Amino acid sequence: MTRAPTARYAREPLVRMLGLLLGLALGLPAAAGGAQPARYPERPVKILVGFAAGGGTDVAARILAVKLTDALGQSVVVENRPGASGMIAAEAAARSPADGYTLMMGSQTTLAVAPALYRKYGIDAAKEFAAVAMAGVSPLVMVVHPSLPAHSVKELIALAKTRPGGINFGSGGLGTTPHMAGELFSMQAGIKVVHVAYRGEAPAINDLLGGQIPLMFPNLSAVIGNIKAGSLRPLAVTSAQRAAAAPELPTIAEAALPGFDAATWFALVAPTATPREIVLRLNSAVTRMVSQPDVQQRFADLGMTIGASSPEELDGYVGSEIAKWSKVIKDADIRAQE
(Lines give C-alpha, C1' and ligand atoms only; values in the text may rest on other atoms or scores of the structure.)
Protein backbone atom coordinates (compact mmCIF):
# COMPACT_ATOMS: atom_id res chain seq x y z
CA MET A 1 0.00 0.00 0.00
CA THR A 2 1.39 3.37 -0.96
CA ARG A 3 1.77 5.90 1.80
CA ALA A 4 0.55 9.44 1.32
CA PRO A 5 3.42 11.94 0.96
CA THR A 6 4.30 13.96 4.00
CA ALA A 7 3.66 17.70 3.93
CA ARG A 8 7.39 18.36 3.33
CA TYR A 9 7.61 16.17 0.20
CA ALA A 10 4.21 17.29 -1.06
CA ARG A 11 5.49 20.88 -1.09
CA GLU A 12 8.75 20.12 -2.97
CA PRO A 13 7.26 20.11 -6.53
CA LEU A 14 5.59 23.43 -5.79
CA VAL A 15 8.85 24.90 -4.48
CA ARG A 16 10.74 23.69 -7.55
CA MET A 17 8.07 25.12 -9.85
CA LEU A 18 8.20 28.50 -8.10
CA GLY A 19 12.00 28.49 -8.44
CA LEU A 20 11.74 27.70 -12.15
CA LEU A 21 9.19 30.48 -12.73
CA LEU A 22 11.38 32.95 -10.82
CA GLY A 23 14.38 31.96 -12.91
CA LEU A 24 12.44 32.43 -16.14
CA ALA A 25 11.21 35.83 -14.95
CA LEU A 26 14.83 36.86 -14.38
CA GLY A 27 15.83 35.66 -17.84
CA LEU A 28 17.88 32.71 -16.59
CA PRO A 29 17.82 29.46 -18.60
CA ALA A 30 16.73 26.31 -16.80
CA ALA A 31 19.43 23.80 -15.91
CA ALA A 32 19.38 20.12 -15.03
CA GLY A 33 18.25 19.31 -11.54
CA GLY A 34 16.52 22.69 -11.13
CA ALA A 35 19.81 24.55 -10.50
CA GLN A 36 20.30 27.86 -12.32
CA PRO A 37 23.64 28.68 -14.02
CA ALA A 38 25.27 32.02 -13.39
CA ARG A 39 24.12 34.93 -15.54
CA TYR A 40 26.24 35.17 -18.72
CA PRO A 41 28.50 37.01 -19.15
CA GLU A 42 29.84 37.99 -15.74
CA ARG A 43 33.32 39.00 -16.97
CA PRO A 44 34.99 40.09 -20.23
CA VAL A 45 34.68 37.87 -23.30
CA LYS A 46 37.63 37.23 -25.63
CA ILE A 47 37.51 36.70 -29.40
CA LEU A 48 40.64 35.03 -30.79
CA VAL A 49 41.76 35.92 -34.32
CA GLY A 50 44.30 33.77 -36.13
CA PHE A 51 45.71 36.58 -38.25
CA ALA A 52 47.50 39.88 -37.74
CA ALA A 53 45.67 43.10 -36.97
CA GLY A 54 44.26 44.93 -39.96
CA GLY A 55 43.26 41.93 -42.07
CA GLY A 56 39.69 41.03 -43.00
CA THR A 57 39.20 38.54 -40.17
CA ASP A 58 40.54 41.00 -37.61
CA VAL A 59 38.40 43.88 -38.86
CA ALA A 60 35.24 41.75 -38.85
CA ALA A 61 36.03 40.60 -35.30
CA ARG A 62 36.55 44.16 -34.07
CA ILE A 63 33.27 45.34 -35.58
CA LEU A 64 31.51 42.51 -33.74
CA ALA A 65 33.42 43.13 -30.51
CA VAL A 66 32.27 46.75 -30.24
CA LYS A 67 28.63 45.88 -30.79
CA LEU A 68 28.71 42.76 -28.60
CA THR A 69 30.13 44.84 -25.76
CA ASP A 70 26.98 46.94 -25.85
CA ALA A 71 24.66 43.97 -26.30
CA LEU A 72 26.16 41.79 -23.55
CA GLY A 73 26.99 44.49 -21.01
CA GLN A 74 30.57 43.22 -20.67
CA SER A 75 33.77 44.07 -22.52
CA VAL A 76 34.41 41.95 -25.59
CA VAL A 77 38.06 42.12 -26.64
CA VAL A 78 39.94 40.85 -29.68
CA GLU A 79 43.20 38.95 -29.22
CA ASN A 80 45.39 38.28 -32.26
CA ARG A 81 47.33 35.01 -32.38
CA PRO A 82 48.62 34.80 -35.96
CA GLY A 83 50.40 31.85 -37.51
CA ALA A 84 49.88 28.62 -39.47
CA SER A 85 46.87 30.02 -41.38
CA GLY A 86 45.00 30.55 -38.12
CA MET A 87 45.76 27.17 -36.56
CA ILE A 88 47.56 28.66 -33.54
CA ALA A 89 44.44 30.58 -32.58
CA ALA A 90 42.19 27.63 -33.44
CA GLU A 91 44.16 25.31 -31.16
CA ALA A 92 43.99 27.83 -28.32
CA ALA A 93 40.25 28.34 -28.77
CA ALA A 94 39.49 24.62 -29.03
CA ARG A 95 41.42 23.89 -25.82
CA SER A 96 39.78 26.72 -23.86
CA PRO A 97 37.00 26.09 -21.31
CA ALA A 98 33.62 25.77 -23.03
CA ASP A 99 32.03 28.53 -20.97
CA GLY A 100 31.44 31.23 -23.57
CA TYR A 101 34.32 33.44 -22.46
CA THR A 102 36.70 32.42 -25.26
CA LEU A 103 35.35 32.60 -28.80
CA MET A 104 37.05 32.65 -32.19
CA MET A 105 36.40 34.55 -35.38
CA GLY A 106 36.76 31.72 -37.84
CA SER A 107 37.04 31.94 -41.60
CA GLN A 108 37.09 29.75 -44.66
CA THR A 109 40.85 29.41 -44.24
CA THR A 110 40.87 28.65 -40.51
CA LEU A 111 37.91 26.28 -40.34
CA ALA A 112 37.72 24.62 -43.75
CA VAL A 113 41.23 24.66 -45.25
CA ALA A 114 44.04 24.91 -42.69
CA PRO A 115 43.00 21.86 -40.62
CA ALA A 116 43.58 19.71 -43.73
CA LEU A 117 46.93 21.38 -44.42
CA TYR A 118 48.38 21.62 -40.90
CA ARG A 119 47.53 18.24 -39.45
CA LYS A 120 50.08 18.44 -36.63
CA TYR A 121 47.69 20.71 -34.72
CA GLY A 122 45.10 17.95 -34.63
CA ILE A 123 42.18 20.32 -35.21
CA ASP A 124 38.94 18.93 -36.64
CA ALA A 125 36.74 22.01 -36.94
CA ALA A 126 33.54 19.98 -37.27
CA LYS A 127 34.21 18.36 -33.89
CA GLU A 128 36.14 21.06 -32.05
CA PHE A 129 33.79 24.02 -32.50
CA ALA A 130 30.16 24.94 -32.01
CA ALA A 131 28.80 27.24 -34.71
CA VAL A 132 27.53 30.53 -33.28
CA ALA A 133 26.77 32.95 -36.11
CA MET A 134 27.90 33.96 -39.57
CA ALA A 135 29.19 37.52 -39.68
CA GLY A 136 29.93 38.36 -43.30
CA VAL A 137 30.94 37.13 -46.73
CA SER A 138 33.49 38.77 -49.02
CA PRO A 139 33.64 37.90 -52.73
CA LEU A 140 36.88 37.47 -54.61
CA VAL A 141 37.45 38.70 -58.14
CA MET A 142 39.31 37.09 -61.02
CA VAL A 143 41.62 39.80 -62.37
CA VAL A 144 44.33 39.72 -65.01
CA HIS A 145 47.11 42.06 -66.05
CA PRO A 146 46.05 44.01 -69.16
CA SER A 147 48.84 42.38 -71.16
CA LEU A 148 47.18 38.96 -70.89
CA PRO A 149 45.08 38.37 -74.03
CA ALA A 150 41.93 37.28 -72.20
CA HIS A 151 38.82 39.43 -71.87
CA SER A 152 36.44 36.84 -70.45
CA VAL A 153 36.53 33.70 -68.33
CA LYS A 154 36.01 31.52 -71.40
CA GLU A 155 38.89 33.26 -73.20
CA LEU A 156 41.15 32.70 -70.19
CA ILE A 157 40.26 28.99 -70.09
CA ALA A 158 40.91 28.66 -73.82
CA LEU A 159 44.25 30.46 -73.48
CA ALA A 160 45.32 28.30 -70.53
CA LYS A 161 44.58 25.15 -72.53
CA THR A 162 47.10 26.28 -75.11
CA ARG A 163 49.69 26.96 -72.39
CA PRO A 164 49.51 24.05 -69.88
CA GLY A 165 51.39 25.17 -66.77
CA GLY A 166 52.39 28.38 -68.54
CA ILE A 167 50.15 30.79 -66.65
CA ASN A 168 50.90 31.62 -63.02
CA PHE A 169 48.50 33.02 -60.45
CA GLY A 170 49.50 34.66 -57.18
CA SER A 171 47.97 34.72 -53.72
CA GLY A 172 48.77 35.98 -50.25
CA GLY A 173 49.86 32.54 -49.10
CA LEU A 174 49.27 28.79 -49.07
CA GLY A 175 45.72 27.87 -48.12
CA THR A 176 44.31 31.38 -48.35
CA THR A 177 40.93 31.76 -50.01
CA PRO A 178 42.44 33.35 -53.16
CA HIS A 179 44.81 30.37 -53.43
CA MET A 180 42.01 27.86 -53.03
CA ALA A 181 39.79 29.71 -55.48
CA GLY A 182 42.53 29.43 -58.11
CA GLU A 183 42.94 25.71 -57.45
CA LEU A 184 39.19 25.15 -57.68
CA PHE A 185 39.04 27.11 -60.93
CA SER A 186 41.92 25.12 -62.39
CA MET A 187 40.24 21.82 -61.51
CA GLN A 188 36.75 22.71 -62.71
CA ALA A 189 38.02 24.28 -65.93
CA GLY A 190 40.27 21.32 -66.70
CA ILE A 191 43.38 23.49 -66.99
CA LYS A 192 46.70 23.85 -65.22
CA VAL A 193 47.63 27.23 -63.78
CA VAL A 194 50.56 27.39 -61.37
CA HIS A 195 50.26 28.89 -57.88
CA VAL A 196 52.83 31.41 -56.63
CA ALA A 197 52.56 32.04 -52.87
CA TYR A 198 53.49 35.45 -51.47
CA ARG A 199 53.83 36.65 -47.90
CA GLY A 200 50.58 38.57 -47.93
CA GLU A 201 48.13 39.74 -50.56
CA ALA A 202 49.62 43.22 -50.99
CA PRO A 203 53.00 42.11 -52.47
CA ALA A 204 51.16 39.70 -54.78
CA ILE A 205 48.97 42.54 -56.05
CA ASN A 206 52.06 44.68 -56.57
CA ASP A 207 53.58 42.00 -58.81
CA LEU A 208 50.28 41.62 -60.66
CA LEU A 209 50.26 45.37 -61.33
CA GLY A 210 53.87 45.14 -62.50
CA GLY A 211 53.15 42.24 -64.83
CA GLN A 212 55.36 39.74 -63.01
CA ILE A 213 52.31 37.50 -62.62
CA PRO A 214 49.31 37.65 -64.99
CA LEU A 215 46.44 36.36 -62.84
CA MET A 216 45.01 36.61 -59.33
CA PHE A 217 41.83 35.93 -57.36
CA PRO A 218 42.15 38.66 -54.69
CA ASN A 219 39.53 40.07 -52.38
CA LEU A 220 37.45 42.52 -54.38
CA SER A 221 37.95 45.30 -51.83
CA ALA A 222 41.75 45.05 -52.26
CA VAL A 223 41.75 45.80 -55.99
CA ILE A 224 38.55 47.76 -56.66
CA GLY A 225 40.58 50.97 -56.99
CA ASN A 226 42.95 49.38 -59.52
CA ILE A 227 39.99 48.05 -61.50
CA LYS A 228 38.39 51.49 -61.66
CA ALA A 229 41.73 53.00 -62.69
CA GLY A 230 42.05 50.49 -65.53
CA SER A 231 45.33 49.03 -64.30
CA LEU A 232 43.76 45.59 -63.85
CA ARG A 233 41.13 43.83 -65.96
CA PRO A 234 38.36 42.07 -64.03
CA LEU A 235 36.79 39.01 -65.62
CA ALA A 236 34.33 37.77 -62.99
CA VAL A 237 33.64 37.41 -59.28
CA THR A 238 34.07 34.04 -57.64
CA SER A 239 30.99 34.00 -55.40
CA ALA A 240 27.66 32.39 -56.23
CA GLN A 241 25.99 35.81 -56.46
CA ARG A 242 27.17 39.01 -58.09
CA ALA A 243 28.96 41.47 -55.82
CA ALA A 244 27.12 44.59 -54.69
CA ALA A 245 30.36 46.58 -55.08
CA ALA A 246 30.67 45.56 -58.76
CA PRO A 247 27.27 44.37 -59.98
CA GLU A 248 28.33 44.65 -63.63
CA LEU A 249 30.74 41.73 -63.24
CA PRO A 250 29.35 38.26 -63.91
CA THR A 251 30.04 35.36 -61.62
CA ILE A 252 32.39 32.61 -62.82
CA ALA A 253 29.36 30.31 -62.62
CA GLU A 254 27.44 32.57 -65.02
CA ALA A 255 30.38 33.12 -67.34
CA ALA A 256 31.71 29.60 -67.79
CA LEU A 257 31.56 27.12 -64.90
CA PRO A 258 28.05 26.45 -63.47
CA GLY A 259 28.13 25.81 -59.73
CA PHE A 260 31.46 27.54 -59.12
CA ASP A 261 31.51 29.24 -55.73
CA ALA A 262 34.43 30.49 -53.65
CA ALA A 263 34.30 33.33 -51.15
CA THR A 264 35.94 34.53 -47.98
CA TRP A 265 33.56 34.22 -45.03
CA PHE A 266 33.82 35.10 -41.37
CA ALA A 267 31.96 33.26 -38.63
CA LEU A 268 31.91 33.34 -34.83
CA VAL A 269 32.49 29.94 -33.20
CA ALA A 270 32.95 28.61 -29.67
CA PRO A 271 34.45 25.46 -28.13
CA THR A 272 32.16 22.55 -28.95
CA ALA A 273 30.74 21.92 -25.45
CA THR A 274 29.66 25.54 -24.91
CA PRO A 275 26.16 25.52 -23.35
CA ARG A 276 23.36 25.82 -25.86
CA GLU A 277 21.78 28.79 -24.11
CA ILE A 278 25.04 30.76 -24.39
CA VAL A 279 25.36 29.93 -28.10
CA LEU A 280 21.78 31.09 -28.69
CA ARG A 281 22.30 34.32 -26.77
CA LEU A 282 25.41 35.12 -28.78
CA ASN A 283 23.65 34.24 -32.03
CA SER A 284 20.74 36.51 -31.15
CA ALA A 285 23.11 39.38 -30.34
CA VAL A 286 25.03 38.99 -33.61
CA THR A 287 21.82 38.70 -35.64
CA ARG A 288 20.50 41.95 -34.17
CA MET A 289 23.86 43.63 -34.65
CA VAL A 290 24.24 42.82 -38.36
CA SER A 291 20.79 44.28 -39.05
CA GLN A 292 21.94 47.72 -37.88
CA PRO A 293 22.53 50.21 -40.73
CA ASP A 294 25.92 51.39 -39.44
CA VAL A 295 27.24 47.82 -39.30
CA GLN A 296 25.89 47.05 -42.76
CA GLN A 297 27.61 50.18 -44.09
CA ARG A 298 30.93 49.25 -42.50
CA PHE A 299 30.73 45.78 -44.01
CA ALA A 300 29.79 47.24 -47.40
CA ASP A 301 32.79 49.59 -47.24
CA LEU A 302 34.95 46.47 -46.90
CA GLY A 303 33.28 44.83 -49.90
CA MET A 304 31.46 42.41 -47.61
CA THR A 305 27.84 41.36 -47.39
CA ILE A 306 26.00 40.40 -44.24
CA GLY A 307 25.74 36.67 -43.69
CA ALA A 308 23.39 36.22 -40.72
CA SER A 309 22.46 32.62 -39.90
CA SER A 310 21.22 30.34 -37.18
CA PRO A 311 23.77 28.06 -35.48
CA GLU A 312 22.29 25.10 -37.38
CA GLU A 313 22.54 26.85 -40.74
CA LEU A 314 26.14 27.86 -40.06
CA ASP A 315 27.04 24.38 -38.90
CA GLY A 316 25.70 22.90 -42.13
CA TYR A 317 27.49 25.49 -44.25
CA VAL A 318 30.84 24.97 -42.52
CA GLY A 319 30.46 21.22 -42.94
CA SER A 320 29.88 21.61 -46.68
CA GLU A 321 32.89 23.93 -46.95
CA ILE A 322 35.12 21.46 -45.10
CA ALA A 323 34.07 18.69 -47.50
CA LYS A 324 34.60 20.85 -50.61
CA TRP A 325 38.00 22.25 -49.73
CA SER A 326 39.35 19.01 -48.28
CA LYS A 327 38.63 17.39 -51.65
CA VAL A 328 40.39 20.22 -53.51
CA ILE A 329 43.43 19.90 -51.26
CA LYS A 330 43.56 16.13 -51.79
CA ASP A 331 42.95 16.17 -55.54
CA ALA A 332 45.43 19.02 -56.14
CA ASP A 333 47.95 17.39 -53.78
CA ILE A 334 48.46 20.62 -51.83
CA ARG A 335 50.88 20.22 -48.94
CA ALA A 336 52.12 22.56 -46.26
CA GLN A 337 55.66 22.52 -44.93
CA GLU A 338 55.16 21.84 -41.22
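The values are calculated or read from the model by the stated rules, or taken from the named source; none is laboratory data. What you see is a predicted model, and the numbers here were worked out from it, not measured in a lab. Cβ placement follows ideal geometry from the backbone for every residue including glycine, while neighbour counts extend to all protein chains displayed. Note: areas computed on protein heavy atoms with side chains; ligands, DNA, RNA excluded. Shrake-Rupley method; radii C 1.70, N 1.55, O 1.52, S 1.80 Å.
Using the Cα centre of the chain as origin and beta-carbon charges of +1 (Lys, Arg) and -1 (Asp, Glu), tell me which of SER320, THR305, MET104 is placed farthest towards the positive end of the dipole.
MET104
What does DSSP give for the stretch 37-137 in terms of the percent of beta bridges that are antiparallel, rounded to the nearest 5?
0 percent
Fully extended, how many nm does the chain gain between SER147 and LYS327 (0.36 nm per residue separation, minus their Cα-Cα distance)?
Going from the current span to full extension adds 61.5 nm.
List the relative contact order of the chain as a percent without decimals, with contacts defined as Cα pairs under 8 Å and 6+ residues apart.
Once divided by the residue count of the chain, the mean separation gives 23 percent.
Using the Karplus curve 6.51 cos²θ - 1.76 cosθ + 1.60 with θ = phi - 60°, work out ³J(HN,Hα) for each residue of the stretch 110-122 in order, rounded to whole Hz, and write x for Gly and Pro.
After applying 6.51 cos²θ - 1.76 cosθ + 1.60, I find 5, 9, 10, 10, 4, x, 7, 8, 10, 6, 5, 7, x Hz.
Would you mind calculating the gained length between GLU42 and LYS192 on full extension (0.36 nm times residue separation, minus the Cα-Cα distance), in nm to one decimal?
Full extension from GLU42 to LYS192 adds 48.6 nm.
Under 17 Å Cα to Cα from LYS67, which lysines show up? Leave out anything in the same chain fewer than 8 places away.
LYS46
From the Cα trace of the stretch 117-170, what convex hull volume per residue do you get, rounded to a whole Å³?
Cα convex hull per residue, to the nearest whole number: 171 Å³.
Dipole magnitude of the chain about its Cα centre, charges +1 at Lys/Arg Cβ and -1 at Asp/Glu Cβ only, in debye to the nearest 20?
For this selection, approximately 580 debye.
Taking one equal scatterer on every alpha-carbon of the stretch 164-239, how large is log10 of I(q)/I(0) by Debye at q = 0.13, 0.17 1/Å?
-0.34, -0.59
Under 17 Å from a point placed 7 Å out from the Cα of GLN241 along the Cα-to-Cβ direction: which residues of the stretch 112-144 have their backbone N that close?
The answer is 134-141, whose backbone nitrogens lie closer than 17 Å to the label point.
I'd like the distance separating the alpha-carbon centroids of the stretch 210-267 and the stretch 95-125, in whole Å.
27 Å
Can you list residues whose amide H is under 5 Å from VAL237's amide H, if they're 5+ apart or on another chain and H is modeled 1.01 Å from N?
Counting only residues 5 or more places away or on other chains, the set is MET142, THR251, ILE252.
Towards the positive end of the charge dipole of the chain, with charges on Cβ (+1 Lys, Arg; -1 Asp, Glu), say which of MET289, ALA273, GLN337 has the farthest Cα.
ALA273
Using amide H atoms built 1.01 Å from N in the peptide plane, name the residues 5+ places from HIS195, or on other chains, whose amide H lies under 5 Å from its own.
Close amide H contacts, sequence-distant or interchain: PHE169.
Each label point is 7 Å from the Cα along the Cα-to-Cβ direction; what then is the distance between the points at GLU248 and ALA52, in nm?
Modelled inter-label distance: 3.4 nm.
Please sort through the DSSP H helices of the chain and keep those with an alpha-carbon extent of at least 15 Å along the long axis and a Kyte-Doolittle average not below 0.0.
Once both thresholds are applied, what remains is 7-25, 56-72, 177-189, 276-290.
Keeping all protein chains in place and using 1.4 angstrom, which order do TYR198, TYR317 fall into by accessible surface area, from largest down?
TYR317, TYR198
In terms of Cα to Cα distance under 26 Å, which lysines are near enough to LYS161, apart from those fewer than 8 places away along the same chain?
Cross-link targets: LYS192, LYS324, LYS327, LYS330.
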